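Student: Below is a structure I'd like to ask you about.
The values are calculated or read from the model by the stated rules, or taken from the named source; none is laboratory data. Computed from a predicted structure; not experimentally measured. All Cβ positions, glycine included, derive from the backbone under ideal geometry; neighbour counts span all protein chains shown. All accessible areas refer to the heavy atoms of the entire protein, side chains included, with ligands and DNA or RNA removed. Shrake-Rupley method; radii C 1.70, N 1.55, O 1.52, S 1.80 Å.
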Amino acid sequence: MTHLSRRFFSTVLGGLAAALSFGAFFPALAAEDLSKVVLRVGDQTGATRAKLEAAGLLKDVPYQIEWSVFPAAVNLHEALKADAVDIGQAADSPTVSAIAGGSKIKVVANFSNGGLGSTILVPANSPIKTLADLKGKIISPTTRGSVAHYLTLGALKKAGLTADDVKLAFLTPADASAAFQAGSIDAWGTWGVYKARTIGTLKATVLLDGPGISTGNYVLSATDAALSDPGKIAAITDYVNRLEKGYDWSLNNKDAYVTFYAGFAKQDKATIEKIYQDEAAYKRQPIDDTFVASLQNVFETWKEAGVLKGSLKLGDYVYRDIPTN
């Protein structure tokens with residue numbers, strides 16, 4: 001009997017220790033039954049879902065994910081504002097624009113690559129060789145308020161130019177791509193899969209990359225409604241960790257990532273090799289005062305350019321309770 005009691009006591013202690021350990025590392029998951037939670041995820045171009053699937057990171061999700069695909073950040077943020085999705089990832093510049101436009105969201109996580117990825121492209125053999133050569137030219141920064149719009153304004157300022165010195169043509173990614181291919185725009189501010197396809201298919205030249213102008217912050221935003229639901233908070237916490245593992249997978253499995261993204265973007269591997277560093281450089285960043293100051297600077301830059309007006313305290317639009325691993 002003494003032997004059985006000790007064994008029982010050890011079993012209970014072991015189970016309790018395991019439970020406490022699980023709760024310490026994943027407090028939200030330990031407290032919530034996620035089997036009935038549906039997390040509605042907005043995904044630009046479908047790239048996030050495709051990468052997580054390629055990395056094997058969607059095999060054991062304890063909640064349901066309802067995916068919605070959008071061509072650009074502006075469309076994703078429209079869905080967040082309409083409460084059609086719970087969360088979505090976009091650069092900080094369109095996110096700040098959305099918040100200024102009244103979207104009831106908060107930033108819950110941030111991943112940064114230091115400004116890589118957003119790019120101003122010019123056609124192969126273009127006479128435009130420097131930023132100063134953009135004067136008098138037609139540039140599409142893709143959509144208004146996008147990361148490419150932010151980069152374009154920064155590039156003009158760097159060259160001593162203003163938006164009045166060029167013609168800005170705001171277009172959807174698909175329309176901008178068609179215009180670039182037809183030669184009806186002289187330069188195109190773009191990102192991600194659009195950048196990859198244009199370099200690969202049209203042999204476009206990079207006039208300027210984002211570092212030094214763009215922050216490279218790619219933030220995950222959640223609606224206030226989602227953040228009022230404990231089950232969805234727990235699911236968001238898990239989802240953020242999967243995103244982080246996805247970036248780690250890209251960094252540590254270059255060949256697998258290049259193979260995946262070449263298939264996704266419908267480009268040859270040599271093209272994807274050239275833009276691989278854009279993805280591999282992403283690291284998760286803390287949601288702290290430094291990050292808030294960066295968001296505030298984005299808002300002030302938009303104001304200076306006349307894109308946004310009024311005042312905004314960005315610290316009110318961040319959610320600091322998602323733990324960083």
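Student: Calculate how steeply helix 289-304 sits against the longest principal axis of the alpha-carbon atoms of the chain, using the helix alpha-carbon long axis, and give the answer as 0 to 90 degrees to the nearest 10.
Tutor: 30
Student: So what's the gap between the Cα centers of the range 164-210 and the range 126-155, to the nearest angstrom?
Tutor: Spelled out, the Cα-based centre of one part sits 9 Å from the other.
Student: By how many degrees, between 0 and 90 and to the nearest 10, does the Cα long axis of helix 269-280 differ from the longest principal axis of the chain?
Tutor: 60
Student: Ordering Arg242, Arg320, Arg40 by how much accessible area each has at a 1.4 Å probe, largest first, what is the list?
Tutor: From most exposed to least exposed: Arg320, Arg40, Arg242.
Student: Looking at the chain, what % of its DSSP beta bridges pair antiparallel, to the nearest 5?
Tutor: 60
Student: When the C-alpha atoms of the chain are aligned to their principal axes, what extent does each axis show, in angstrom, from largest down?
Tutor: 91, 46, 30
Student: Towards the positive end of the charge dipole of the chain, with charges on Cβ (+1 Lys, Arg; -1 Asp, Glu), say which of Phe299, Gln89, Thr172 has the farthest Cα.
Tutor: The residue sitting most towards the positive pole is Thr172.
Student: Roughly how many Å² of Ser228 are accessible to a 1.4 Å probe, to the nearest 10?
Tutor: About 90 Å², rounded to the nearest 10.
Student: Taking amide H positions as placed 1.01 Å from N in the peptide plane, with prolines and chain starts having none, which residues 5 or more places from Val307, or on another chain, fall under 5 Å of its amide H?
Tutor: none
Student: Another one. How many nm is it between the label spots at Asp316 and Thr172, if each spot is 7 Å from the Cα in line with the beta carbon?
Tutor: Placing both labels 7 Å along Cα→Cβ, they lie 3.4 nm apart.
Student: Relative contact order of the chain: what whole-number percent is it, with Cα pairs under 8 angstrom and at least 6 residues apart?
Tutor: 24
Student: How big is the range 223-318 by the Kirkwood estimate over distinct Cα pairs, in Å?
Tutor: 16.6
Student: May I ask for the percentage of alpha-carbon pairs in the range 60-158 that lie more than 21 Å from each other?
Tutor: When every Cα pair of the range 60-158 is considered, 46 percent fall beyond 21 Å.
Student: Can I ask one more? Output the pairs from Lys245/Lys269; Lys137/Lys266; Lys51/Lys232; Lys81/Lys203; Lys195/Lys303 with a Cα-Cα distance over 32 Å in this structure; if there are none, say none.
Tutor: Exceeds cut-off: Lys81/Lys203.
Student: Considering just Cα atoms, how many Å³ per residue does the convex hull of the range 221-270 enclose?
Tutor: Convex hull of Cα atoms, per residue: 92 Å³.
Student: Let me ask another. Would you check the accessible area of Val307, probe 1.4 Å, heavy atoms only, in square angstrom rounded to 10?
Tutor: Using a 1.4 Å probe on the heavy atoms, I get roughly 50 Å².
Student: Follow-up. Restricting things to alpha carbons, tell me how big the range 185-272 is in terms of Rg and Dmax, in Å.
Tutor: 17.1, 49
Student: How large are Rg and Dmax for the range 111-251 when only the alpha carbon atoms are used, in Å?
Tutor: Computed over the Cα atoms of the range 111-251, radius of gyration and Dmax are 17.5, 56 Å.
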